[in-house]
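Asks: Please find one structure pasted underneath; my questions will follow.
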Amino acid sequence: MLNKISIKTKLLLYGISIQTIVFIIFSYTLYKSLEISTIDKIQSTLNIIIFDIRDDIIEHSSDLINVPLNEEDEYKYKPLYIRIMEIKQNSLLTIKSTNYAKDINIDFLKIKNMEKNKTYFISKDDYLISQMKITLNNKEILIEVATSSYTLEETLENLLYLLGLITPIILILSTLGANFILLKSFKPIEKILGELKTIQAQDLSKTIEGRGSNDEIDQLTDEINSLIKRLNISFEKISQFSSDVSHELKTPLTIIRGEIEIGLRKDRSNEEYKEILNSCLDEILIIKQTIDDLLFLAKSEQNSKPLQKDEIYLDEITYEAMKELESFAKLKNITCKCEIIDASHIEGYEKPLKIALKNVIKNAISFSNQNSQVLIKNYIKDDKYIISIKDEGIGIPKDEQEKIFEKFYRTDKSRNKDLGGTGLGMSICKKIIQMHDAKIIINSKENIGTTVFLVFKIK
């Protein structure tokens with residue numbers, strides 16, 4: 001049942017329950033305390049009276065009948081019942097009394113066992129009784145003073161009446177106060193909920209306004225805004241990824257469809273079919289490379305590190321990247337040369353860094369002139385470890401040198417497309433280099449060549 005009601009109502013019910021329990025415990029404690037204190041006060045009064053009577057008896061030891069028993073008027077304590085008795089062998093003989101209540105019975109055995117000159121208190125029926133046994137003229141005398149328990153009962157009844165009257169009022173007032181506090185406390189939360197309902201997945205630029213009080217509500221608001229910001233970034237990346245994929249895959253898919261439709265128009269020779277299939281295969285390879293590149297970029301843009309850092313020897317990884325592209329260079333009639341002037345190592349991600357190096361070297365090979373050379377150098381300069389890749393190719397126009405790091409940008413679109421490029425290589429390369437706290441610098445002149453510098457800090 002409680003699962004179906006709001007937290008605010010639950011807190012109110014819990015508060016009322018706790019207050020009720022606390023007030024019951026408080027009332028019971030107050031009741032018992034008042035009862036004990038009232039009984040203690042009555043017993044103290046009876047104790048004083050009984051000692052006063054004992055002194056009077058000692059003073060009138062020769063004539064006990066004339067002992068004055070006017071304590072009721074003297075102490076202004078009513079009702080007060082007093083009697084003096086002689087303890088015989090098997091009975092009690094009343095010597096003198098003041099209208100002693102007849103319904104007060106005495107346990108003779110207990111009286112026989114009582115210590116002398118010590119006050120005993122008993123509660124019997126509707127009376128509170130004090131007793132004392134003394135020895136006078138070789139006789140055992142019992143002094144007994146009693147009073148009605150009406151005073152105690154009246155006091156306790158008044159307390160119960162007062163508690164019965166006050167309890168509902170206190171509970172009502174405390175419930176109203178708790179409800180007011182809950183309404184004030186939950187108002188900012190309800191405001192946040194209202195603002196959250198207006199935020200749609202299509203527009204996550206909106207944030208929740210804080211109160212500026214720097215309390216828990218403001219901290220919650222800051223965390224929600226931070227979450228919305230992260231979601232907005234994630235959705236933008238997803239949207240951008242989808243847009244990039246659809247943009248880049250549209251052309252090769254259209255080419256594949258066109259090639260297949262041409263092949264199906266009429267019967268063709270085996271050579272023609274092979275040519276169509278080869279063309280489709282080339283486009284499929286471009287699609288695969290595009291998807292792989294886009295996935296790599298999407299992963300690299302996450303905040304968390306994709307891989308664990310290892311110790312990387314830059315001279316070795318440079319040489320390996322060049323050797324893996326030698327066969328590709330031979331197809332283009334390009335010679336690759338690697339000069340390791342200085343060797344060094346860094347902490348980084350080996351596989352991604354090799355991908356970046358291969359992208360730069362592959363671009364150098366792809367855009368070099370026939371029968372030219374790609375020169376790769378590793379050296380230290382100004383406390384920096386530098387890998388330079390120099391080609392003798394078409395070069396990059398000065399106004400386009402910064403644009404080559406944009407996704408899908410090609411300096412020479414027709415030639416780049418013919419070479420199977422996706423326009424993502426340098427964008428990937430920049431991401432990887434930034435992951436290593438390094439820089440990538442382009443120095444290029446049209447129709448002369450391009451040199452790419454990868455600059456790493458020496459630690």
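Asks: Given the condition out of contact with any helix residue (DSSP H, G or I) (no Cβ under 9 Å at 6 or more places or on another chain), at pLDDT below 85 and in a loop (DSSP other than H, G, I, E, B), answer yes or no: does some residue in region 404-417 qualify? Don't jump to the end; show me each part of the working.
Replies: From region 404-417, those out of contact with any helix residue (DSSP H, G or I) (no Cβ under 9 Å at 6 or more places or on another chain) are 412-414; that's our starting set.
Still in the list and also at pLDDT below 85: 412-414.
Those still in the list that are in a loop (DSSP other than H, G, I, E, B) too: 412.
Yes, region 404-417 has at least one match.
Asks: Now, a different point. Can you go through K102, K110 and tell me which one is in a loop (DSSP other than H, G, I, E, B) and out of contact with any helix residue (DSSP H, G or I) (no Cβ under 9 Å at 6 or more places or on another chain)?
Replies: Answer to the check: K102.
Asks: I would also like to ask the following. Looking at region 336-358, I want the residues that are farther than 19 Å from D437 by Cα and touching a residue at least 12 places away in the same chain (Cβ under 8 Å) and have a partner that is surrounded by fewer than 17 Cβ atoms within 10 Å (Cβ to Cβ) and among the aliphatic types (A, V, I, L, M) with Cβ atoms under 7 Å, at least 6 apart or on another chain. Which pairs are those?
Replies: D342/I380
Asks: Can you tell me which residue in region 356-377 is nearest to L314 (Cα to Cα), limited to those that are outside any helix (DSSP H, G or I) and open to solvent by less than 20 Å² (accessible area, probe 1.4 Å)?
Replies: The residue in question is I376.
Asks: Another question, if that's okay. Show the residue pairs meeting these rules: Cβ distance below 8 Å; 6+ apart or different chains; first residue within region 150-178 and at negative phi and in contact (Cβ under 8 Å) with a residue 40 or more places away in the chain; second residue outside any helix (DSSP H, G or I) and of a type in the set (A, V, I, L, M).
Replies: Close Cβ pairs (under 8 Å, with a partner that is outside any helix (DSSP H, G or I) and of a type in the set (A, V, I, L, M)) amount to L152/L128.
Asks: Take region 150-159 and flag every residue that is over 60 Å from the mean Cα position of the chain (by Cα) and surrounded by 17 or more Cβ atoms within 10 Å (Cβ to Cβ).
Replies: The answer is none; no residue qualifies.
Asks: Taking the conditions exactly as written (in a loop (DSSP other than H, G, I, E, B), over 21 Å from Q19 (Cα atoms) and not aliphatic (A, V, I, L, M)), does K187 satisfy them or not?
Replies: It is false that K187 is in a loop (DSSP other than H, G, I, E, B), over 21 Å from Q19 (Cα atoms) and not aliphatic (A, V, I, L, M).
Asks: Name the single residue, out of those in region 269-288 being within 60 Å of the chain's Cα centre (by Cα) and of a type in the set (D, E, K, R), that is surrounded by the fewest Cβ atoms within 10 Å (Cβ to Cβ).
Replies: Looking at the filtered set, the residue picked out is K288.
Asks: Could you list, in sequence order, the residues of region 324-346 that are assigned to a helix (DSSP H, G or I) and surrounded by 17 or more Cβ atoms within 10 Å (Cβ to Cβ)?
Replies: A329
Asks: Given the structure, is L353 modelled with pLDDT of 85 or more, within 48 Å of the chain's Cα centre (by Cα) and not in a loop (DSSP other than H, G, I, E, B)?
Replies: yes
Asks: Same structure again: Tally up the residues in region 31-79 that are of a type in the set (A, V, I, L, M), open to solvent by 80 Å² or more (accessible area, probe 1.4 Å) and farther than 17 Å from T151 by Cα, please.
Replies: 3
Asks: Still on this structure, please answer the following. What residue, of P188, P168, is at pLDDT below 85 and either open to solvent by 70 Å² or more (accessible area, probe 1.4 Å) or closer than 30 Å to K10 by Cβ (or both)?
Replies: Testing whether each residue is at pLDDT below 85 and either open to solvent by 70 Å² or more (accessible area, probe 1.4 Å) or closer than 30 Å to K10 by Cβ (or both) leaves just P188.
Asks: Output the residue which, of all residues in region 378-393 that are part of a loop (DSSP other than H, G, I, E, B) and surrounded by 18 or more Cβ atoms within 10 Å (Cβ to Cβ), is modelled with the highest pLDDT.
Replies: So the first thing to find is which residues in region 378-393 are part of a loop (DSSP other than H, G, I, E, B), and the list is 382-383, 391-392.
If we keep only those that are surrounded by 18 or more Cβ atoms within 10 Å (Cβ to Cβ) too, we end up with 391-392.
Values: D391: 92, E392: 88.
Selected residue: D391.
The values are calculated or read from the model by the stated rules, or taken from the named source; none is laboratory data. What you see is a predicted model, and the numbers here were worked out from it, not measured in a lab. Because the Cβ atoms are built from the backbone with ideal geometry, glycine has one as well, and the counts that use them run over all protein chains shown. Areas reflect the complete protein model, heavy atoms only, side chains present, ligands, DNA and RNA absent. Shrake-Rupley method; radii C 1.70, N 1.55, O 1.52, S 1.80 Å.
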